[in-house]
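Participant: This is the structure I have questions about; it appears just below.
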Amino acid sequence: MTAHCVMVLGTSSGAGKSWLTTALCRWYAQQGLKVAPFKAQNMSNNARVVASHNGLGEVGSAQYFQALAAKAEPDVRMNPVLLKPEADTRSQVVLLGEVSDELSRTPWRERSDKVWPHIAAALDALRAENDVVVIEGAGSPAEINLMDSDIVNLRVARYADARCLLVTDIDRGGAFAHLYGTWALLPAEDQARIDGFVLNKFRGDAALLAPAPDMLQDLTGVPTVAVLPMWWQHGLPEEDGMLHDAPMRSGNTSAASSSDPGLSRTVAVIAYPRISNLDEFQPLHNIPGVRLLWARNPADLADLGTADWIVLPGSKHTSSDLAWLRAQGLDAAIAQHAGRGGAVLGICGGLQMLGEALIDTHGIDGNAPGLGLLPLVTQFAVEKTVQRTVASLGVVKGAWSALSGLQIQGYEIHHGQTQAHPAMVAAGAVLHEVMPGLAWQNDAGNVLGVYLHGLFEDPTVLRALFGFDAPTLDTVFEGLADFLSQHMAADVLQALITPRV
C-alpha cells in the first residue's frame, strides 16, 4: 500500500497543529483505516521512549500520543529528527531515536542535507505500511528566511504530495490576516496544496464571522472548512509548553482556587527554563480537589501548607536549571517547605537536584552543588539511559505511603547515574532506597526522588494517591475525534484522503 497523506500546517506555533493532527489520527482510525502520524523534525524537551531499529529510542511526546490515537505502535520513524534544547542557542539532536553528537555540533542550516535522506526514508516506510499518514508541520510554512533549508513543512508536503489544512488560533486575534498572509507567502505550487483553512479556539457565535470566510475564499480560492470552538478541558497534554496559566492555576472546575472548599491539595511544579517531560503532569489537571500550579518564583509557593506538594520535574540541563532556581530564590522556599514537613518530590533531573552534588567529568551537563535535601550524588555519564521500566516500590513513608509495595511502570531518559553519598552515609546520614537504583527517600518521609517519568500516568499510582481514576488516553482520543466530527464535515475529511485529479 502507499498511504494517502494529510498534512496539518499552522500559521504559527501554538495554532493547534498537534491537537488537530491527533484528532485526525483517531478519526481516520475510527473509519477502519491503518493510520500513522509523522513529523519530520520536532523541537521539544518532551520526549517518550519508543521502539527503534536498535531496540528503544526517543521521539517527541506529541508523536507518541498521535501514534496511540492512530491505534499504532509508536516508533522512531514517526519523528525521525528530535531537537532537545539545552540552551538558547544549542540543541541536542536525536536522529531516529538516538543522540547524534555529530549533528548536535553541526550548524543549523548545514543539517538539512544530512538529515533529509533519513526523513524521506522514514516517511517512505510509513507510507508503505499504512493507508493514511497524518503529517504535522512545524511553526509556520511561511518562514521565508528558512525556506531554503526547510525539511519539515513544504518540502515534506511536496515529497508526500499531501493535501494540507492550514490552522490558525483565532483567540490571538488577526486570524484572517494570518491565514491570508501565510497563504500569500507560499509559492504558487504550494498554495494549491492548501485544501482548507481551520479557525481554532473560537469563542462565541460562529455566524458572527461572516462574511470574512467567504471574502478570504474569494482572495485565495481556499474554503474555511472548520471553526473549532475553544475547548480547555480536552485532556491532551500540551506539546510545546505548559498549559495556559489561568486553567493550570485553577486546576479544574472542582478546585478553582486555593480558597475553594473542595481543594484538598496543591501540587506546585517548579517551571525552570529547561523543564522537560512536563506533559506527564496532565493527569493531575483532571483530578477533583487538586490544584496544579506552575511556580516560577517564591511568591508562587508562599501559601503552601504541609499537605501540599512541591515537584521538581525533569530538566534537559540540570545544572543550569539549578542555577536559575537559586537565582530566583526558590532554593530557600523549597528548603523552608521541606523543613516544616511539606512534601517535596523530584523526578529525574529534579531528583538529581535534591542531592548533594552533580559531578560532570565528561562535559555533559556541568558540575554543581545540589539542594542537599537527600544524601545523594549524581555523576553524569557519556551514555544516555533510554528505557521503559517496570519496578516495585518498597516501603514508602509520608505523603506517598500509599505507594508502598506497588509495581509501577514508566520510562527513563537521563545521562546521570545517582547513588548514596558514601561520606555522608558513613557519617550517619539516613537514606532509604525505596526502588533499587531508581528512588530514594529521606528518613522523615517528606522528600522523595525518583528517576522514573510517567508516575502520574500510571492508573495504579493515581488510584493509590488520590483515590481517583483519571480519564484514559483512549477516552481522550475518542473525545477529540468526536469533537472534530461535530465541527468538520465528514465529506471534507474523506476528501483529504482522496487522490488529486
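The values are calculated or read from the model by the stated rules, or taken from the named source; none is laboratory data. In this text the structure is predicted, and so the values were computed from the model without any measurement. Here the Cβ positions follow ideal geometry from the backbone for every residue, glycine too, while neighbour counts run over all protein chains shown. Note: accessible area is taken over every heavy atom of the protein model, side chains too, but ligands, DNA and RNA are not part of it. Shrake-Rupley method; radii C 1.70, N 1.55, O 1.52, S 1.80 Å.
Participant: Taking the full set of protein chains and a 1.4 angstrom probe, give the accessible area of HIS421 in square angstrom, rounded to the nearest 10.
Facilitator: 50 Å²
Participant: Sticking with this structure for a sec: Can you tell me how much longer the chain between GLN233 and ALA323 gets when fully stretched, taken as 0.36 nm per residue apart minus their C-alpha distance, in nm with one decimal? Provide the component values of the computation, followed by the final result.
Facilitator: Working: separation 90, 0.36 × 90 = 32.40 nm, distance 3.43 nm.
Residue separation times 0.36 nm, minus the Cα-Cα distance, leaves 29.0 nm.
Participant: Compare the Cα positions of GLY341, LEU438, GLN407 along the charge dipole of the chain (+1 at Cβ of Lys, Arg; -1 at Cβ of Asp, Glu; about the Cα centre) and return the one farthest towards the positive end.
Facilitator: Result: GLY341.
Participant: Just to check I understand the Karplus step: with θ = phi - 60° and J = 6.51 cos²θ - 1.76 cosθ + 1.60, what whole-Hz values come out for region 15-21, glycine and proline as x?
Facilitator: With the stated coefficients, region 15-21 comes to 6, x, 4, 5, 4, 5, 4 Hz.
Participant: Follow-up question, since we're still on this one. By how many degrees, between 0 and 90 and to the nearest 10, does the Cα long axis of helix 473-487 differ from the longest principal axis of the chain?
Facilitator: Between the helix axis and the principal axis of the chain, the angle is about 30 degrees.
Participant: Going Cα to Cα from LYS17, which lysines come in below 18 Å? Please leave out same-chain ones fewer than 8 positions away.
Facilitator: LYS39, LYS201
Participant: State to the nearest 20 debye the size of the charge dipole of region 348-501 about its Cα centre, where the only charges are +1 on K and R beta carbons and -1 on D and E beta carbons.
Facilitator: Roughly 140 debye for region 348-501.
Participant: Now for a separate question. With r defined as the distance between the Cβ atoms of VAL492 and ARG109 and R0 fixed at 45 Å, what FRET efficiency is calculated, to the nearest 0.05?
Facilitator: On the way: r = 37 Å, r/R0 = 0.82.
For VAL492 and ARG109, the calculated efficiency is 0.75.
Participant: Under a point spin-label approximation (7 Å from Cα along Cα-to-Cβ), what is the VAL390-ALA426 distance to one decimal in nm?
Facilitator: About 4.0 nm, to one decimal.
Participant: On the accessible surface of the chain, probed at 1.4 Å, how many percent belong to carbon and sulfur atoms? Intermediate results must be reported in sequence, preceding the final value.
Facilitator: Numbers: 10190 of 19140 Å².
Accessible surface attributable to carbon and sulfur in the chain totals 53 percent.
Participant: Separate question: Give the range of the longest stretch in the chain that excludes all trypsin sites (Lys or Arg not before Pro) found in loop regions by DSSP and having at most 11 other beta-carbon atoms within 10 Å. Please list the in-between numbers first.
Facilitator: Values: sites that count: ARG203, ARG340, ARG500.
Here the longest segment lacking exposed loop sites spans 1-202.
Participant: Hey, another quick one. In degrees from 0 to 90, rounded to the nearest 10, what is the angle of the helix 318-327 Cα long axis to the longest principal axis of the chain?
Facilitator: The helix 318-327 is inclined about 70 degrees to the chain.
Participant: Same structure, new question: Over all directions, how big on average is the projection of the convex hull of the alpha-carbon atoms in region 36-185, in square nanometres? Write down the numbers at each step before the final one.
Facilitator: Working: hull surface 38.4 nm².
Average projection, Cα convex hull of region 36-185: 9.6 nm².
Participant: Moving on to the next point. Add +1 for every Lys or Arg and -1 for every Asp or Glu among the other residues with Cβ under 12 Å from the Cβ of TRP309, and state the total. Before the final figure, lay out each step's value.
Facilitator: Details: positive: ARG265, ARG291; negative: ASP308.
It works out to a net charge of +1.
Participant: Follow-up. Counting each DSSP H run of 4 or more residues in the chain as -39500 (n - 2.57), what helix-only mean residue ellipticity at 222 nm follows after dividing by all residues, to the nearest 500 deg cm²/dmol?
Facilitator: Working: 17 runs with 151 residues, N = 501.
Only helices count here, giving -8500 deg cm²/dmol.
Participant: Turning to a different aspect of this structure: So with the 1.4 Å probe, I'd like the accessible area per residue for the chain, rounded to whole Å². Could you put the intermediate results ahead of the total?
Facilitator: Details: 19140 Å² over 501 residues.
With the other protein chains kept in place, the chain gives 38 Å² per residue.
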